[in-house]
């Protein structure tokens, strides 16, 4: 099998999925291009901000992509390229894209409400509170995993204190991105531009930042970068969307799309052979393919975090309902293609069926940099740019999840009113966005101390479990509002079984470590065990409440339908 063949299959399947299945869903559920979206009706200059189709797509794609499409497929390739490819294609279209689009659709149709608020409306207050607790705990795991990934990537020193110039240059470019994004946001606020001049200025800014960042690398240790990253998450969580996140995501999207294009062009011109076996075994190194494959590959197939972005931020900036398919379904299809490119990259870099040494980021960056060097770009510059691109994936996830985690914590204590004047002093403190952000980041930092590799399995299981719960909730929304939703039943059942199995395995592994070794840490391992058990309990409660509502809605619909038939007869 060659890389070009795999890429051609992925492009055909994803484009076909978007044009056929995506449009089918939009048609049967109904989209009104003339409707006034929440971004206009509730415009506040902070969260609700009408934005162009590409601006919202850039935010959605940058936020949902993260490190997953690079990390997941490369790790899961230990089972062979066929299982990975099948899950990316089937999961991407029928699981992930459906979840992302439906989450965005349901939120836009309901005043831009977050998933927790949607659950309260269609399932009940208890379901909402349970889901908000689940989502908040889940956000802590994302913050911990991706903050550690970025800090490690930015670490300017290798073994023995040797300077790692590509890492330092990537860090420098990323810091410039934050400053320039704020200035760009202020400029656009005062001088709104149409898409073409905005695009032109954006590309010039990117070229300038890349040049300056490579010329002036910032050499700092991992610990220092951890503090800086958490400070950035705090800023992104409390600042208006238009001031930092939207312009940063807009600028980042060009890098991310450029990275995908580089990989695609490299595959087209080199057509590398896939040196990995098609299938290895149903268990590798004691890890069974079920459920490990389905929690290792999240982004690119299905990821519960996507639904929090769709309903938490993107739905508040959609300016026209007809943009929802492009943003929700389209962004997921592009992510699936990136995941396939990652699979091709690791397959081409393998030697004798064995994957190369190094982290997924290093494997991906070096391989794609090798593609670019074939076109005359110096290897050092290509490596700096690719390292920055990959770290940008994780950093754009962090700014979104920090905001979403903060909002979940606030909504937990909002009660019947969002007016601070009608709240008790304690509730005013708990719903304060600065306090909610600090609490969220504090616990995220504690989990981060355990390291990325320790947190990732728990994060992967929680992420996919979130997808299962969201799909159940969305099924209720579709049923209650009289829309077809049976296409969600198989995905939600499958993901629920997969993720509960994985979480129980994770908890068992931590308990086994406590019993058999003396290296158990209550600060890291203990906290992970508490989170794992809490997620399982919360998931079962949420699934029970949601399924009960879905069944009662189905019975009610059947009774009403029989009544209509009897009257008609």
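Observations on the model:
- The range 128-180 - Rg over Rh from alpha carbon coordinates, Kirkwood radius: 1.23
- Extension gain, residue 414 back to residue 200 (0.36 nm per residue minus Cα-Cα distance, nm): 72.8 nm
- Computed extension length for residue 354-residue 191: 53.3 nm, one decimal, from 0.36 nm per residue of separation with the Cα-Cα distance subtracted.
- Computed over all pairs of different Cα atoms, the Kirkwood value for the hydrodynamic radius of the range 13-52 is 12.3 Å.
- With each label modelled as a point 7 angstrom along the Cα→C-beta vector, the residue 422-residue 82 pair spans 6.1 nm.
- Proportion of all alpha-carbon pairs of the range 3-568 beyond 35 Å (%): 33 percent
- Placing a label point 7 Å from the Cα of residue 487 along the Cα-to-Cβ direction, the residues of the range 317-356 whose backbone N falls under 20 Å of that point are 321-337.
- Ratio Rg/Rh [Cα only; Rh per Kirkwood] for the range 71-142: 1.12
- Residues residue 432 and residue 11, FRET efficiency given R0 of 56 Å [Cβ-Cβ distance, rounded to 0.05]: 0.75
- The separation of the range 350-406 from the range 100-132, counted between C-alpha centres, amounts to 35 Å.
- Quotient of C-alpha Rg and 2.2 N^0.38 Å, computed over the range 342-485: 1.52
- Measuring nothing but how far apart in sequence close Cα pairs (under 8 Å, 6+ apart) lie, relative to its length, the range 3-568 scores a relative contact order of 29 percent.
- Here the range 212-268 has an Rg and Dmax of 15.3, 43 Å, counting Cα atoms alone.
- Using the rule -39500 (n - 2.57) for each DSSP H run of four or more residues, divided by the residues of the chain, the 222 nm mean residue ellipticity is -24000 deg cm²/dmol.
- With a cut-off of 14 Å on the backbone N, the residues of the range 246-264 near the modelled label site 7 Å out from residue 374 along Cα-Cβ are 262-264.
- Across every pair of non-identical alpha carbons in the range 133-237, the mean reciprocal distance, once inverted, gives a Kirkwood radius of 15.5 Å.
- The Cα atoms of the range 244-351 give a gyration tensor whose axes a ≥ b ≥ c have a/c of 1.5 or more with a/b no greater than b/c, which makes the shape oblate.
- Scattering profile of the range 176-233 at q = 0.22 Å⁻¹ [log10 I(q)/I(0), Debye over alpha-carbon scatterers]: -0.95
- Whole-Å semi-axes of the ellipsoid equivalent to the range 415-501 (Cα gyration tensor, √5λ, descending): 32, 26, 7
- Convex hull volume of the Cα atoms of the range 13-113, normalised per residue: 117 Å³.
- FRET efficiency, residue 254 to residue 44 (Cβ-Cβ, R0 22 Å, nearest 0.05): 0.20
- Computed E for residue 508/residue 446 - FRET, C-beta separation, R0 35 angstrom, nearest 0.05: 0.95
None of the figures in this text is laboratory data; all of them are computed from the coordinates on show. Predicted model only: the values in this text are computed from it and were never measured. A quick note on method: Cβ atoms are made from the backbone with ideal geometry, for glycine too, and the neighbour counts reach across all protein chains shown.
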